[in-house]
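Beneath this line is the structure, given in structure tokens, with notes to follow.
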Amino acid sequence: MSADRYWRPWLLGWLGMVGLALLNGTLRAVVTQPWLGEEVARRLATVVLLVVLTAYVWLLHRRFPLPSLRSAWAVGLAWTAMTLTFEFGFGRLVEGLSWSTMLADYDVTRGRIWVLVPLWTTAVVAVVHTLQRTPRAAPIGGAAG
């Protein structure tokens, strides 16, 4: 499979991931934050996004399987680079946020766990690739096909 055949859907797939993240952030701000408070809502939104991101990558990899573990890591790294560029670029240039304000979400010493999102974004494609490529054992008592 040529690199172009798998890079195109995965680079476009990043836009879907951004859409899911923006929807998740909107739901946090509008629904869970007024109900649970900012800190708990942020943690919940982070966990929800990790689960949704995993499901999204699972479906995307089913539709556009990557040819190798190396290509899966390359996609994960590209997604993370694009995500961080978007996040910090938008924060600085559009919202006018300071670096300290933007980096506050990454401060685990203050109970912020957002750092899990870029870490998982880097790894999730390779994890899903590995899980989907692993042969499944035949069910107990069942015939192997």
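The values are calculated or read from the model by the stated rules, or taken from the named source; none is laboratory data. Just so it is clear, the structure is predicted and the values come from calculations on it, not from any experiment. Using ideal geometry, Cβ is built from the backbone for each residue, glycine included, and neighbour counts are taken over all protein chains shown.
Of all residues being without any contact (Cβ under 8 Å) to a residue 12 or more places away in the chain and closer than 19 Å to Pro118 by Cα in region 48-64, which is surrounded by the fewest Cβ atoms within 10 Å (Cβ to Cβ)? Just the residue, please.
Going residue by residue through region 48-64, those that are without any contact (Cβ under 8 Å) to a residue 12 or more places away in the chain are 51, 55, 59.
So of that shortlist, the ones also closer than 19 Å to Pro118 by Cα come out as 51, 55.
Working: Val51: 9, Ala55: 12.
Going through the qualifying residues, I end up with Val51.
Restricting attention to region 116-131, which residues are touching a helix residue (DSSP H, G or I) at 6+ places or on another chain (Cβ under 7 Å) and surrounded by 14 or more Cβ atoms within 10 Å (Cβ to Cβ)? Write out each step before concluding.
As a first pass, look at region 116-131 and keep what is touching a helix residue (DSSP H, G or I) at 6+ places or on another chain (Cβ under 7 Å): 116-118, 120-126, 128-130.
Leu116, Val117, Pro118, Trp120, Thr121, Thr122, Ala123, Val124, Val125, Ala126, Val128, His129 - these are the residues of region 116-131 that are touching a helix residue (DSSP H, G or I) at 6+ places or on another chain (Cβ under 7 Å) and surrounded by 14 or more Cβ atoms within 10 Å (Cβ to Cβ).
The selection criterion, being on the phi > 0 side of the Ramachandran plot and at pLDDT 90 or above, holds for Gly96. For region 46-143, the helices (runs of 4 or more DSSP H) that sit wholly inside it and include 3 or more residues that are β-branched (Val, Ile, Thr) and closer than 29 Å to Leu27 by Cα are 69-89, 116-133. Here is a list: Ala81, Ala104, Ala123, Ala74. Which entry is within 13 Å of the chain's Cα centre (by Cα) and farther than 19 Å from Val52 by Cβ? Going through Ala81, Ala104, Ala123, Ala74 in turn, the sole match is Ala81.
Residues in region 65-99 that are of a type in the set (Phe, Trp, Tyr) and buried (at least 17 other Cβ atoms within 10 Å of the Cβ): Trp79 alone.
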